[in-house]
Amino acid sequence: MTAESMVQDLLNEACSMNATDIYIFPRRDEYLIETRSDTCDSVIVEMTNEETMMIMNYLKFNGGLDVSERRRSQKGAFSFNYQQRIIHTRISSVGDFLDRESLVVRLIYPQNFNYQINEHLIEQLYPIARKKGMMIFSGPMGSGKTSLMYGLCKNLSVSKKVMSIEDPIEIVEEDFLQLQVNEQVGLTYEELIKTSLRHRPEVLIIGEIRDSITAKQAIQAALCGYTVMTTIHGKSKFSVIQRLKQFGIEDEDILNAVNLISYQRLIPTIENIQLFTDTINDREIELFLKERKNDNIWSRQIKHAYRSGYITQEVCQEYLYG
């Protein structure tokens, strides 16, 4: 079997599972190839070193990476066709301390391919999304933050110009102007936010706030009258406020800029996977900053789901604290 056919089979199988990522990791005498989706991780196959090198070399060649380089971190991208749909990929490779290379492929599907939105939640948050100011979505990787932002912005794009800045672009949306971070050529979040504001978008998606510079620019954009949607990694809705303060954002700016903070997880229920959310609005943010009062809504709704027979005891214990 050729490297091309092995890669094509691998990509097709991953797409058939609606996988978001393909991981190629070394083990003692072989390689393990597995996928990750919103619902689970699964092993596709164990392969010999020789077979895996053929696959990785083919992926790296198509992604524009240096095939001969196996230690330094590299990033690339390519697209392929699956069932008459163009699937975009982002690939990343790096070598470990034993000079064994690993590679990750992020699969980026066209909208509505594996793009599931909780319509009731969209309707609930849409009035807030129409306001000028910032909405922050938190939760671990794979918890649907980007899908929720895109669902809200898709509705807003009917009458407003939407621009996104991400690293990488996770959902291809033709109605948005989408910019991708590329630090190798100077396209950082900082630079792209400055550039985007010259285009005067009414709605700005910032993929993730990772540092104080990005945080301050995002807050400033919200204070200047833009609708800003972004994500911050946090263990709860209140931890997002603490993260903003760690990034040097003053309480007054948080109060004036942030309209809503949402913490969310995709949780396996008895029947399917359900999006659980815990939000805090601007009035509740003010109360927390002034009186340091917080609530236990997340834990209460997880306990209620367990008592109602909606989730198992094991799931309850795993997700009880966020």
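Per-structure values
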quantity	calculated
Enumeration of residues in segment 127-150 that are out of contact with any helix residue (DSSP H, G or I) (no Cβ under 6 Å at 6 or more places or on another chain) and either assigned to a helix (DSSP H, G or I) or under 11 Å from Asp175 (Cβ atoms) (or both)	Pro127, Ile128, Lys145, Thr146, Ser147, Leu148, Met149, Tyr150
Conditions (1) under 30 Å from Arg85 (Cβ atoms); (2) at pLDDT 85 or above; (3) of a type outside the set (Lys, Arg); number of the one not met by Ile128	(1)
Pair list, Cβ under 9 Å, 6 or more apart: segment 289-302 residue without any contact (Cβ under 8 Å) to a residue 24 or more places away in the chain, other residue among the small types (Gly, Ala, Ser) and surrounded by 15 or more Cβ atoms within 10 Å (Cβ to Cβ)	Ser299/Gly322
Checklist (1) closer than 27 Å to Ile87 by Cα; (2) open to solvent by 30 Å² or more (accessible area, probe 1.4 Å); (3) assigned to a helix (DSSP H, G or I) applied to Glu190, failing item	(1)
Filter result for Met17 (farther than 14 Å from Leu59 by Cα and aliphatic (A, V, I, L, M))	yes
Residue check for Asn256: under 23 Å from Lys216 (Cβ atoms) and surrounded by 14 or more Cβ atoms within 10 Å (Cβ to Cβ)	yes
Count of residues meeting criterion [part of a helix (DSSP H, G or I) and either touching a residue at least 40 places away in the same chain (Cβ under 8 Å) or surrounded by 19 or more Cβ atoms within 10 Å (Cβ to Cβ) (or both)] in segment 9-26	5
Test: residue in segment 120-139 that is over 24 Å from Ser73 (Cβ atoms), aromatic (Phe, Trp, Tyr) and touching a Leu at 6+ places or on another chain (Cβ under 7 Å)	yes
Tally, over segment 151-187, of residues that are of a type in the set (A, V, I, L, M, F, W, C), without any contact (Cβ under 8 Å) to a residue 12 or more places away in the chain and either surrounded by 15 or more Cβ atoms within 10 Å (Cβ to Cβ) or not in a loop (DSSP other than H, G, I, E, B) (or both)	2
Among (1) farther than 19 Å from Lys132 by Cα; (2) modelled with pLDDT of 95 or more, the one test that Thr227 misses	(1)
Of residues in segment 27-69 being in a strand (DSSP E or B) and of a type outside the set (A, V, I, L, M), the one farthest from Met6 (Cα to Cα)	Asp41
Residue identified as without any contact (Cβ under 8 Å) to a residue 12 or more places away in the chain, in a helix (DSSP H, G or I) and either surrounded by 17 or more Cβ atoms within 10 Å (Cβ to Cβ) or not basic (Lys, Arg) (or both) among Glu314, Glu271, Glu286	Glu314
Residue in segment 254-276 that is among the aliphatic types (A, V, I, L, M), over 24 Å from the mean Cα position of the chain (by Cα) and closer than 17 Å to Val228 by Cα present	yes
Leading residue by the ranking (surrounded by the fewest Cβ atoms within 10 Å (Cβ to Cβ)) among those in segment 289-302 that are part of a helix (DSSP H, G or I) and in contact with a helix residue (DSSP H, G or I) (Cβ under 7 Å, 6 or more places away or on another chain)	Leu289
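The values are calculated or read from the model by the stated rules, or taken from the named source; none is laboratory data. These numbers were taken from a predicted model, which means no experiment stands behind them. Because the Cβ atoms are built from the backbone with ideal geometry, glycine has one as well, and the counts that use them run over all protein chains shown. To get the accessible areas, we keep the full protein, side chains included, count just its heavy atoms, and leave off ligands, DNA and RNA. Shrake-Rupley method; radii C 1.70, N 1.55, O 1.52, S 1.80 Å.
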